[in-house]
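K.L.:
Below is one structure. I have some questions about it.
The values are calculated or read from the model by the stated rules, or taken from the named source; none is laboratory data. Every value quoted in this text rests on a predicted model; they were computed, and no experiment measured them. We place every Cβ from the backbone using ideal geometry, glycine too, and count neighbours over all the protein chains shown.
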Amino acid sequence: MTLHRPFRLPLFALAWLLLLVGAACAPLPAGDAGGAAIGTLRVAGPNVFLNGARARDGASVREGDTVTTGAASSAFVAFIGGGFVQLDENTDPRFSFRVETRGGRRCIHIQIDIGQVFIDKDVQCFSTPDVNGNLGSRVNIRVSGKETIVTVLAGRALMFGEREQSVPAAGEASWRRGRQIGPLRQLDAAELTATVGWRERYPGWCCVGERLEQRLPEQCERQQFWFDRRQAEAGCRQRPAAGWCCQAGGRVVQMPAAQCRGFFSPDEDEARQRCPAPPRSGWCCQDGRLSETTANQCRGYFADERREAQRRCQPETGWCCMRGKVAEMSAEQCRRADGRFAAERSELGNCRPRVTPLLPERQQPRPLPPRTPAVIE
């Protein structure tokens, strides 16, 4: 009988294998997930982690990142497009981009497995082990492992469990594994304040003009909130980066990025390319009527000045083509003469008399030639 010796991996090869396995299991460096940027992270407390590594205040949060908070710690993510989410202690959401279930609009999706978050954003999607939803509001979400409680402080939330449920402002509802538990509740002001009272444990600071004040994130300008007072003081002393902002109505104005509520770019040409031109307003002459409108809405002759449009629309005198001849007269006289009127003679082109052929039933019958009477022999 032949004995087979067991295969033994060389010691140096085993060492390399363990090194590779350890590298594969190591957490991603904070903020290096490689996805599209979602927002900026602010840290309160000693136990805030980004992708498993201790988080740095001011780090970029990207698509696919996981932000985790431990005991006595909170995290705040200011979204690039406006709005924010604040995490209570012992919370672990993941961030990604997703097209929302209703409306087809692009939104930032947050997966919350456990913990509590406060969200303030116009378009926001979320999911928990119990329910999914789309938000256009200020909402507090608490996931306990047994149920998910959604409290709407402003706006409205649309929830998708076993059935679709809309939660209005000051409303609160609970779900467990896709099924709504109990009826929708209406909360008073005191109950709403108590629901988000956990946020008072993590006060923050923001710049108000040249002053530093302690406020909630929603009371600060976008990207101008800090948990740490020293960082807030340093941020307030720094001169804000100036650039070009596309404002409502298509105006491009130079201002700091924090004050811009539209598309911002440090490059003026890019801001003007991305900023839609304001509609050109003026006067429109259509079917003899004069009205104030925009150039793209006018279906007749458009002019910036009322006098010019009125001259073309309701001129005192012009040119009339009637019966093959062109004569100068008013529009009313031309209309009475059944002619064709224009403000400029060149607009009439060839003036030819109108020929109206007779309809077949109105044509006079031709007389028959006389017939010779037949002779019968």
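K.L.:
Given the conditions (1) surrounded by fewer than 15 Cβ atoms within 10 Å (Cβ to Cβ); (2) modelled with pLDDT under 85, which single one is not true for residue 243?
P.N.:
That leaves (1) as the condition not met.
K.L.:
Related question: Looking at residue 116 and the list (1) at pLDDT below 95; (2) within 24 Å of residue 194 (Cβ to Cβ); (3) in contact with a strand residue (DSSP E or B) (Cβ under 8 Å, 6 or more places away or on another chain); (4) not aliphatic (A, V, I, L, M), which single condition is not satisfied?
P.N.:
(1)
K.L.:
Oh, and also: Suppose the filter is among the polar types (S, T, N, Q), loosely packed, with under 13 Cβ neighbours inside 10 Å and within 25 Å of residue 70 (Cα to Cα); does residue 193 pass it?
P.N.:
In short, yes.
K.L.:
Provide a single number: the residues in region 206-233 that are modelled with pLDDT under 80 and loosely packed, with under 12 Cβ neighbours inside 10 Å.
P.N.:
3
K.L.:
Identify all residues within region 56-94 that are farther than 18 Å from residue 115 by Cα and either hydrophobic (A, V, I, L, M, F, W, C) or surrounded by 21 or more Cβ atoms within 10 Å (Cβ to Cβ) (or both); write none if there are none.
P.N.:
Residues satisfying the conditions are 59, 61, 78, 79, 80, 83.
K.L.:
Something else now. Look through region 304-315, keep the residues that are under 25 Å from residue 333 (Cα atoms) and at pLDDT 75 or above, and return whichever of them is surrounded by the most Cβ atoms within 10 Å (Cβ to Cβ).
P.N.:
This residue is 309.
K.L.:
Under 30 Å from residue 173 (Cα atoms), at pLDDT 80 or above and either among the hydrophobic types (A, V, I, L, M, F, W, C) or buried (at least 17 other Cβ atoms within 10 Å of the Cβ) (or both): is that true of residue 203 in this structure?
P.N.:
no
K.L.:
Something else about it: Could you check how many residues of region 172-222 are charged (D, E, K, R), in contact with a Gly (Cβ under 8 Å, 6 or more places away or on another chain) and outside the structural domain of residue 121 (by TED's automatic domain parsing)?
P.N.:
Summing the residues that are charged (D, E, K, R), in contact with a Gly (Cβ under 8 Å, 6 or more places away or on another chain) and outside the structural domain of residue 121 (by TED's automatic domain parsing) in region 172-222 gives 2.
K.L.:
Something else about it: Would you mind finding the one in 142, 138, 185 that is assigned to a strand (DSSP E or B) and surrounded by fewer than 18 Cβ atoms within 10 Å (Cβ to Cβ)? Show your work before the answer.
P.N.:
Working: 142 fails: surrounded by fewer than 18 Cβ atoms within 10 Å (Cβ to Cβ); 138 fails: surrounded by fewer than 18 Cβ atoms within 10 Å (Cβ to Cβ).
Testing whether each residue is assigned to a strand (DSSP E or B) and surrounded by fewer than 18 Cβ atoms within 10 Å (Cβ to Cβ) leaves just 185.
Here is a yes/no grid of residues against (1) of a type in the set (D, E, K, R); (2) touching a residue at least 24 places away in the same chain (Cβ under 8 Å):
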residue: 93; (1), (2): no, yes
residue: 105; (1), (2): yes, no
residue: 122; (1), (2): yes, yes
residue: 133; (1), (2): no, yes
